[in-house]
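S.K.: Quick one: structure below, then a few questions.
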Amino acid sequence: MNQTTTKNALTKITQKETDLGSLESFSMSKALEMVDYLKSVLIQIKNQVLLYGFASEEQEIDFFKNTKPLILGKLIFYNKLYFFKSESPSDIVSTKLYYQEKLNELHLEYKKHLLYSDLYKYYKTKSTHRDIEYFTTGKINKTNLVSTYSFEIDPRFSTLYDYKLARIIAYELLSDYLNQKTITHNNLSSTATKNSITWSESNSALIELIYALYVTKSINHGQVKIKKLSKALGQVFQINISDIHHTFHRMKTRNYSRTMFLDKLKKSLEDYMDKDHEF
């Protein structure tokens, strides 16, 4: 295995990331592009390792301790990033809560699987005394595989610990990313709250208005479903509109006006017009 090959691969990965721009501007397509690129890099390097092997034990340790975990860790990170982008809500407030939830989940996984592991302590203290055990091939046993997700690990191209180290690296990348997203969306949410407009009438009043807009086909020429319309207006006015159909059916059986809010709108507007006309 030529060390120049791995150095060139790492340089090209860094260049690829630079070309795609900052993580803040990463789209689903860019994340997927990085996933595909990193997979192809690993396949190329694997073919080289299987064909030529390593020149020395030191080279093998360096590869499985420093090179492969970094590439595989980035692959895990960009794969997660793709799913974050695909599942992320569209409005600012929900997105803020989404990224905070993902950060909490990541911290729980970290405490459960990484924080107290021997490998994590070994990695953080930059130890070397167990390098041969951890980062040379031929030492994977069935018990190791049963205790991980990695049933498809190729023992010719893995020590198992390189995979575990890749997960640690992926965790650190994900933690940095989610922390930054949480800070960014906290700021956006704060700005949005300052500039927001809120619904100050009752929930049923808004539902009355929604149905009026819906039946008169005032939105999208009538090509919109009532649930989508209620969700959109709920986001605009920052109100959770629930039980919309039952509320509407209760309106139909009111003893007093069935269109109480619309009646109020009509009278208030007419009064305003009359007042304005006086000037």
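Coordinate-derived values only; no laboratory data. Fair warning: this is a prediction, and the values are worked out from it, not measured in the lab. Positions of Cβ are generated from backbone atoms using ideal geometry, with glycine treated the same way; all protein chains shown enter the neighbour counts.
S.K.: Once you have all Cα-Cα distances for segment 1-96, histogram them in 5 Å bins from zero and send the whole-percent values.
M.R.: Histogram of Cα-Cα distances, whole percents per bin: 2, 12, 21, 20, 14, 11, 8, 5, 3, 2, 1.
S.K.: Related question: Report the extension gain between LYS275 and ASP176 in nm, rounded to one decimal, defined as 0.36 nm multiplied by the number of residues separating them, less their alpha carbon distance.
M.R.: 29.8 nm
S.K.: Still on this structure, please answer the following. Relative contact order for the chain: what is it in percent, counting Cα pairs under 8 Å that are at least 6 residues apart?
M.R.: Answer for the chain is 19 percent.
S.K.: Specify the longest stretch of the chain that does not include any exposed loop site, a site being one of the GluC sites (Glu not before Pro) with a non-H, G, I, E, B DSSP assignment and at most 15 other Cβ atoms within 10 Å.
M.R.: The longest such stretch corresponds to 1-151.
S.K.: Excluding PHE54 itself, calculate the net charge of residues whose Cβ lies under 11 Å from the Cβ of PHE54, where each Lys or Arg counts +1 and each Asp or Glu counts -1.
M.R.: Once positives and negatives cancel, what remains is -4.
S.K.: Next question, about the same structure. In a shell of Cβ-Cβ distance under 14 Å around LEU165, excluding LEU165 itself, what net charge do Lys and Arg (+1) and Asp and Glu (-1) give?
M.R.: Taking every Cβ under 14 Å from that of LEU165, the sum is +3.
S.K.: So which chymotrypsin sites (Phe, Trp or Tyr not before Pro) in segment 197-273 pass both tests, a DSSP loop state and at most 15 other Cβ atoms within 10 Å of the Cβ?
M.R.: Sparse-neighbourhood loop chymotrypsin sites (Phe, Trp or Tyr not before Pro): TYR256.
S.K.: Spin-label point model (7 Å from Cα, Cβ direction): what's the ALA212 to GLN44 distance in nm?
M.R.: Each label point lies 7 Å from its Cα, and together they span 6.4 nm.
S.K.: Given a 10 angstrom Cα cut-off, can you work out which residue in ASN104, ASN179, ASN240 is the most mobile in a GNM of the chain?
M.R.: The residue that fluctuates most here is ASN240.
S.K.: Could you tally the net charge around TYR122, taking each other residue with its Cβ under 11 Å from the Cβ of TYR122, Lys/Arg +1 and Asp/Glu -1?
M.R.: +3
S.K.: What FRET efficiency, computed as 1/(1 + (r/R0)^6) with R0 = 45 Å and r the Cβ-Cβ distance, is obtained for GLU87 and ARG250, rounded to the nearest 0.05?
M.R.: 0.80
S.K.: Between ILE219 and GLU33, what's the calculated FRET efficiency when r is the beta-carbon distance and R0 is 30 Å? Round to 0.05.
M.R.: 0.25
S.K.: Also, I was wondering about something else. Dividing the alpha-carbon radius of gyration of segment 54-142 by 2.2 N^0.38 Å (N being the number of residues), what value is obtained?
M.R.: Scaled against compact globular proteins, the figure is 1.46.
S.K.: Kindly provide log₁₀ I(q)/I(0) values, in the same order as q = 0.08, 0.13, 0.20 Å⁻¹, from the Debye equation applied to equal alpha-carbon scatterers of segment 3-194.
M.R.: -0.31, -0.77, -1.46
S.K.: Rounded to whole Hz and in sequence order, give me ³J(HN,Hα) for segment 27-38 from the Karplus expression 6.51 cos²θ - 1.76 cosθ + 1.60, θ = phi - 60°, writing x for Gly and Pro.
M.R.: Those phi angles translate into 9, 4, 5, 5, 4, 5, 4, 5, 4, 5, 5, 5 Hz.
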